[in-house]
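As structure tokens, the structure follows; a few thoughts come after it.
The values are calculated or read from the model by the stated rules, or taken from the named source; none is laboratory data. Bear in mind that the values here come from a model prediction, so they are computed numbers and not experimental data. Neighbour counts run over all protein chains shown; Cβ positions are idealised from the backbone, glycine included. Remember, those area values only see protein heavy atoms, side chains included, never the ligands or the DNA or RNA. Shrake-Rupley method; radii C 1.70, N 1.55, O 1.52, S 1.80 Å.
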Amino acid sequence: MTAAVRHPDLLGRRRWLIRGQVQGVGFRPYVYRLAKKHQLSGFVRNGPQGVIIEAQGADDALDLFARALHEERPPLAVIESVNIESLSLDLGEHKFEIAPSDDQPRKADAQVAIDTAVCPDCLREMLEGRDRRAGYALINCTNCGPRFSIIRNVPYDRPNTTMAKFTMCRACEREYRDAGDRRFHAQPIACHDCGPKLALVNPAGRRIKGDPIANAANLLLKGNILAIKGLGGFHLAVRADHAEGVAELRRRKHRDAKPFAVMVRDLDAARWLVKLSPTAKALLSSPRCPIVLATRCVDLPGVAPDSHRLGVMLPYTPIQHLLFAADPRLQMLVMTSGNVSDEPLVISNSEAVERLGGLCDAMLWHDRPIERPVDDSVYLDMPGDDALLPIRRARGDVPGAIGLPIEQDTAGLCVGGELKNTIAVVRRREAILSQHLGDLKHPLALENFARTIDDMLRLFEVKPRWIAHDLHPAYLSTAHARKLAARWNVPLIAVQHHHAHAAALLAEYDMTGPILALVADGVGHGDDDTSWGGELMLCDLHGYQRVAHLRPLLLAGGDAAAFDTRRCAMALLQQALGEKFDQHPMAAQLYPDENERRMLCEMIRRQVNCATSSAMGRVFDGVAAMTGVCTQNAYEAQAPMMLEAAAAGCVVQSQSRPFSFSAVTCKGQIDLSLLIRELLAQPRPADEQAALFHHRLADILAATIIQASKDSGIQTVGLTGGVFCNQLLTQLLTQRLQSEGLNVLRHRRVPATDGGLALGQAAVAAARINEQRS
């Protein structure tokens with residue numbers, strides 16, 4: 001595509017190399033139109049490092065052009081860096097054109113664009129009935145649709161995507177080549193005539209006759225379970241207001257208790273279900289369109305049992321919008337990952353027949369291949385805050401790069417943890433995090449983890465010179481790191497679990513430290529080979545000092561205590577009451593069977609088959625058992641979530657004085673005995689006990705942090721680790737710290753859970769490498 005240009009005077013020629021999310025977002029067509037507007041000649045093209053522009057014309061026109069590149073860029077474009085150089089004039093050049101992409105084999109510095117929700121323009125064309133794409137279930141343009149889930153290689157051009165096999169019809173090709181069209185160089189461009197097709201099939205994959213959308217909507221209305229192909233994989237869907245259908249989905253998916261997310265037809269329906277802050281409403285309606293967890297207003301039986309929150313999202317694919325448009329009676333759908341619990345997301349049609357055929361009554365799919373599984377992102381609405389807390393970083397967020405506070409000139413790989421795993425590839429001063437990969441203990445998830453490493457390294461053309469991993473010697477991610485390091489002959493960099501949590505927070509804020517970081521979670525391997533998880537660290541990216549930690553508990557049966565929360569409660573009783581802990585009525589309440597109770601008490605007394613843990617997550621488990629809220633974790637963090645739900649909305653009437661630092665901390669150990677004895681002192685309803693626990697725990701933690709701040713002179717405090725997905729504790733502690741003039745950092749870009757570990761590993765590794773070379 002070229003445009004004829006008249007130049008009054010050729011005074012200059014400049015070259016721009018623009019890095020960031022600038023491929024697959026309509027940036028080249030935008031540059032073309034902008035150059036035409038300012039009467040410039042030259043070209044724009046995709047390259048492995050980003051977008052390359054050469055333009056020549058009058059100096060004032062070049063200045064206006066350069067300013068507009070930043071100020072008027074397309075809505076999905078993100079410019080991270082710009083290199084500009086002056087060139088000699090090309091006196092034979094009189095046009096500006098979009099040149100073929102530069103495919104020479106160089107290190108790929110280009111960013112890959114995120115998948116985004118269907119835009120309002122495409123939605124209008126699809127639903128209004130007058131456009132040639134009316135009713136087309138895979139409509140898209142340069143402003144919306146699949147990107148990361150379909151790209152195979154950089155640069156982002158159609159032959160490098162899963163759309164390569166679909167030849168454009170003449171009408172689509174005209175739009176693709178028309179600089180004035182919204183689909184100018186839209187790589188997944190398609191229509192009814194030339195694009196992927198939609199089909200409704202039975203569980204064996206045989207086509208069901210009739211209109212796929214109308215028939216699918218009718219099945220859903222009757223309470224049937226459908227597998228529906230989306231951007232990054234399949235969902236399993238059922239009417240959220242159909243209790244029998246929801247119960248059947250739980251049975252088939254083997255998901256007895258974990259909450260489901262709900263997709264609603266529009267924002268009004270979302271507001272009917274949950275209380276949404278203005279920030280949450282904006283995020284729900286944005287091109288990222290994640291799941292937002294918010295306080296529920298309505299109880300949908302079986303959808304989110306024992307939770308005061310509900311995850312909601314809006315339709316983001318054309319197929320989802322068409323389903324809701326097919327029948328006004330279809331108001332809300334459970335939309336859960338298309339898999340058996342803990343398995344990777346299903347992405348191919350053949351795999352759907354094999355793995356989902358027994359879970360659904362029909363499948364609504366298309367024949368556009370998905371290159372890699374990308375689950376839905378999840379955010380927690382925190383009313384009163386200016387940002388939401390990331391819980392799961394996936395569709396709409398990845399593979400967006402995150403800058404590192406320290407630059408180093410070698411490429412690396414970070415393999416994350418074992419639960420809620422993500423990995424990261426590192427290039428100089430940026431980390432590119434993968435989508436959420438889940439629990440690596442499942443064999444299929446471990447296979448997907450290894451496949452994702454290969455995929456990310458290939459896509460971003462990274463050849464690691466080092467590998468960072470968690471300190472835990474038994475993590476499957478650590479074992480894989482060792483295997484790769486031996487294969488590639490590169491060094492390993494071990495990063496302590498909680499230091500990585502703190503470093504991820506520093507990286508988000510582009511800080512090197514030092515800060516005081518309170519890192520609270522369920523488990524992490526400590527330097528002393530015990531389980532940590534209630535750590536106050538004075539740290540920077542280079543290292544850390546363990547300033548204080550929870551007094552360790554003796555957990556009978558070790559890992560069994562993560563499931564049987566009563567074991568955590570018995571450990572709390574022993575710590576708070578001493579030798580005769582088994583004589584307290586609470587012990588018999590927890591374990592009515594005398595033989596079982598006696599066995600566990602003897603294990604704790606003799607420290608036989610007991611794990612030592614300073615993890616705050618286990619404290620939440622124990623208190624959940626003591627209050628009768630939850631005695632068994634059916635899924636990770638169920639008991640803490642139910643304890644927070646019990647406390648939500650309960651006003652604490654306690655007149656007790658705040659705990660002093662000296663009363664709760666001795667020789668660096670934070671002792672919760674006073675808190676446990678206060679809970680045991682008088683009977684209260686479970687919700688009051690839960691609320692009292694949250695408030696008094698915030699008092700204890702605040703007293704410890706404030707004293708550490710006075711001792712160290714550090715005024716910045718970071719809150720990280722999975723415990724800080726607890727909104728109540730997070731906000732109570734933040735208020736107490738801010739009232740003392742401390743600056744509090746909380747996550748905004750990566751999860752506080754182990755989903756952020758890879759970023760922290762990248763930041764620590766960069767600091768160590770830079771330090772060694774200095």
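Points to keep in mind about this one:
- Panel note: the C-alpha atoms of the stretch 484-534, placed on their principal axes, show extents of 37, 30, 15 Å (largest first).
- Pairs of Cα atoms nearer than 8 Å and 6+ residues apart set the relative contact order; for the stretch 355-424 it is 18 percent.
- Computed from the Kirkwood radius of its Cα pairs, the Stokes-Einstein diffusion coefficient for the stretch 517-671 at 25 °C and 0.890 mPa s stands at 150 µm²/s.
- Only Lys, Arg (+1) and Asp, Glu (-1) charged, at Cβ; the stretch 312-441 dipole about Cα centre in debye: 180
- In the chain, Cα pairs under 8 Å separated by at least six residues give a relative contact order of 11 percent.
- Qualifying chymotrypsin sites (Phe, Trp or Tyr not before Pro) in the stretch 600-702, DSSP loop, other Cβ atoms within 10 Å at most 16: Tyr635
- Residue list for the stretch 128-145, given a label point 7 angstrom along the Cα-to-Cβ vector of His192 and an amide N cut-off under 12 Å: 129-137
- Rg over Rh, two decimals, the stretch 185-310 (C-alpha only, Kirkwood Rh): 1.00
- Under Stokes-Einstein, with the Kirkwood radius over Cα pairs as Rh, the value for the stretch 492-608 at 37 °C and 0.692 mPa s is 204 µm²/s.
- Lys, Arg +1 and Asp, Glu -1 on Cβ, resulting dipole of the chain about Cα centre, debye, nearest 20: 1240
- Pairwise centroid distance, computed over Cα atoms, of the stretch 729-763 with the stretch 108-147, Å: 36
- Amide H contacts of Val744 (H built 1.01 Å from N, under 5 Å, at least 5 apart or other chain): Val717
- Cα convex hull volume per residue for the stretch 328-456 (Å³): 161
- The stretch 700-739, Cα convex hull volume normalised per residue, Å³: 66
- Of all DSSP bridge pairs formed entirely within the stretch 286-390, close to 65 percent run antiparallel.
- The share of Cα pairs per 10 Å bin across the chain, counted from zero up to the longest distance, runs 3, 13, 22, 24, 20, 12, 5, 2, 0, 0 percent.
- Taking every DSSP bridge with both residues inside the chain, close to 75 percent are antiparallel.
- For the stretch 499-621, size of Cβ-based charge dipole, Lys and Arg +1, Asp and Glu -1, in debye: 480
- Using a simple spin-label model with pseudo-atoms 7 Å out from Cα toward Cβ, Lys275 and Asp529 lie 5.0 nm apart.
- Across the stretch 311-383 the C-alpha pair distances fall into 5 Å bins from zero in the proportions 3, 12, 20, 24, 21, 13, 5, 2, 0 percent.
- Quarter of the Cα convex hull surface for the stretch 460-502, i.e. its orientation-mean projected area (nm²): 3.5
- Ligands, DNA and RNA are left out, and with a 1.4 angstrom probe the accessible area of the chain is 38 Å² per residue.
- Evaluated at q = 0.16 Å⁻¹, the base-10 log of the normalised Debye intensity for the stretch 519-581, with identical point scatterers placed on the Cα atoms, takes the values -0.61.
- The Cα atoms of the stretch 269-415 cover 56, 45, 29 Å along the three principal axes, with the biggest extent listed first.
- Rounded to the nearest Hz, the phi-derived 3J(HN,Hα) couplings of the stretch 276-292 under the Karplus curve 6.51 cos²θ - 1.76 cosθ + 1.60 (θ = phi - 60°) are 10, 6, x, 5, 5, 4, 5, 5, 4, 8, 7, x, 6, 6, x, 6, 10, where x marks glycine and proline.
- Value of D in µm² per second that Stokes-Einstein yields for the stretch 233-298, Kirkwood Rh from Cα pairs, at 20 °C (1.002 mPa s): 161
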